[in-house]
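Before any comments, here is the structure.
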Amino acid sequence: MNPLERARAYLACVPGAVSGAGGHKTTFYAACLLVQGFNLTTAEALPLLLDWNASCQPPWSEADLRHKLADADKSASTKPSGYLLGSNDGWTSPRPAKRFTPSRIEATHACADEDAAKAAQRCNWPRFESPHEHEHALSALAKLRHVSLEGVKLMAGRSLLFFAGWKDKPAFMVTDGERINAQARRMDGKKWEGIDAKAQTLPGSRAAWPIGARESLPFPVVLLCEGVDILAAHHFIYCHKREADTAAVAILGSSNSIPADALPLFAGKRVRIMAHADEAGRPAAQKWAEQLASVGATVDAADFTGLLMADGSPVKDLNDCTRLEPKQTDELDTLIPNENLQPA
């Protein structure tokens, strides 16, 4: 397979950009794949980007795509030119490598570390349907997770929540805007057959990538959650009227470390970790706190010790806090840190 064919096949696995849902970032990322990852000239890349453009909602003008390619060609990158070409096909980069100045933010294009074979797995992902087309599903999900409908809508509005069919079951998808990582859960709350688990990370995902990390860039405060607790985090962001300054990010499993190329996204932020209060969650919180501190984030962790749900059982995670014993609800007044709050 020659470089152009391989680039076309790789780009076909990148979901089309959607206006209002990170479309500019997605299109710029696609342009970077072509001119940086596959070392194509802007003239070579344009026909491929035009073909991909047909999947965008709405499609870009050719002038806009030329502009994106020109920006990508000038953009800094920590990756060597042609990093997606590889050597296993017996061909090499068609032109001399360019020199790029390292850029901390450009290092967060996480999919660049994946080979074409893994990207191809994402081609088999189901169509992710916009939550705005499924008001009934939004309400059902709010009921299933014991959170407010407004919190669910907030997460959907930040392009971190979609609906799809998976294994012949209606499911909700927790994912990031660039589809680096995605996890499916059944809308009936039951386990997936064959894996004895309620959550399944989709094949081809970069499973350690923190969902919402890039989307959190404009926000000074971050609630770092474990798994589907990101829904509860958006519920509390809404309830505490902190939509303007607070983002929620999910790590899909306590065994995961924050990838090195994701850490710079948290630099200088105020981060509160909402890990599960169990034997796996506590060391995970410590691990993540040390990683985040290394990039200058101000970090602490929520402590659910002593909190009880309405049925008398102890609170084990952030989602349990949505069913707190009424006499303890004032304990949640400081759940989200103020920007000037120092670590505990």
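The values are calculated or read from the model by the stated rules, or taken from the named source; none is laboratory data. Just so you know, these numbers come straight off a predicted model, no measurement behind them. When we count neighbours, we look across all protein chains shown, and the Cβ atoms used for this are built from the backbone with ideal geometry, even at glycine.
Screening residue 163 on (1) in contact with a helix residue (DSSP H, G or I) (Cβ under 6 Å, 6 or more places away or on another chain); (2) modelled with pLDDT under 90; (3) within 23 Å of residue 18 (Cβ to Cβ) shows it passes everything except condition (2). Examine segment 139-152 for a residue that is closer than 15 Å to residue 182 by Cβ, within 19 Å of the chain's Cα centre (by Cα) and buried (at least 20 other Cβ atoms within 10 Å of the Cβ), and state whether such a residue exists. No: zero hits. Residue pairs whose Cβ atoms lie under 9 Å apart, separated by 6 or more positions or on different chains, with the first residue in segment 40-58 and under 18 Å from residue 83 (Cα atoms) and the second among the acidic types (Asp, Glu) and at pLDDT below 95, are 41/73; 42/73; 45/73. I'd like the residue in segment 19-39 that is among the hydrophobic types (A, V, I, L, M, F, W, C) and in contact (Cβ under 8 Å) with a residue 60 or more places away in the chain and, out of all such residues, is surrounded by the most Cβ atoms within 10 Å (Cβ to Cβ). So the residue we want is 33. Put simply, of 303, 320, 311 the only residue that is within 19 Å of residue 234 (Cα to Cα), without any contact (Cβ under 8 Å) to a residue 24 or more places away in the chain and assigned by TED's automatic domain parsing to the domain that holds residue 227 is 320. Looking only at segment 295-322, residues that are out of contact with any Phe, Trp or Tyr (no Cβ under 9 Å at 6 or more places or on another chain), surrounded by fewer than 14 Cβ atoms within 10 Å (Cβ to Cβ) and either of a type in the set (A, V, I, L, M) or modelled with pLDDT of 90 or more (or both) come to 4 in all. Scanning segment 33-56 for residues that are in a helix (DSSP H, G or I), of a type outside the set (D, E, K, R) and closer than 25 Å to residue 126 by Cα gives 33, 34, 48, 49, 50, 52, 53. Consider segment 166-176 and keep the residues that are surrounded by 22 or more Cβ atoms within 10 Å (Cβ to Cβ) and within 29 Å of residue 31 (Cβ to Cβ). The one that is modelled with the highest pLDDT is 174.
Among the residues of segment 207-253, which ones are of a type in the set (Gly, Ala, Ser) and out of contact with any strand residue (DSSP E or B) (no Cβ under 7 Å at 6 or more places or on another chain)? Answer for segment 207-253, where residues must be of a type in the set (Gly, Ala, Ser) and out of contact with any strand residue (DSSP E or B) (no Cβ under 7 Å at 6 or more places or on another chain): 208, 232, 244, 253.
Tell me, yes or no, whether segment 234-252 has at least one residue that is within 19 Å of residue 175 (Cα to Cα) and among the charged types (D, E, K, R). Talk me through it step by step, then tell me what you get.
Step one: of segment 234-252, the residues within 19 Å of residue 175 (Cα to Cα) are 234-235, 237, 246-252.
From what's left, among the charged types (D, E, K, R): none.
No - not one qualifying residue is present in segment 234-252.
One residue alone among 17, 7 is within 30 Å of residue 216 (Cα to Cα) and touching a Leu at 6+ places or on another chain (Cβ under 9 Å), and that residue is 7.
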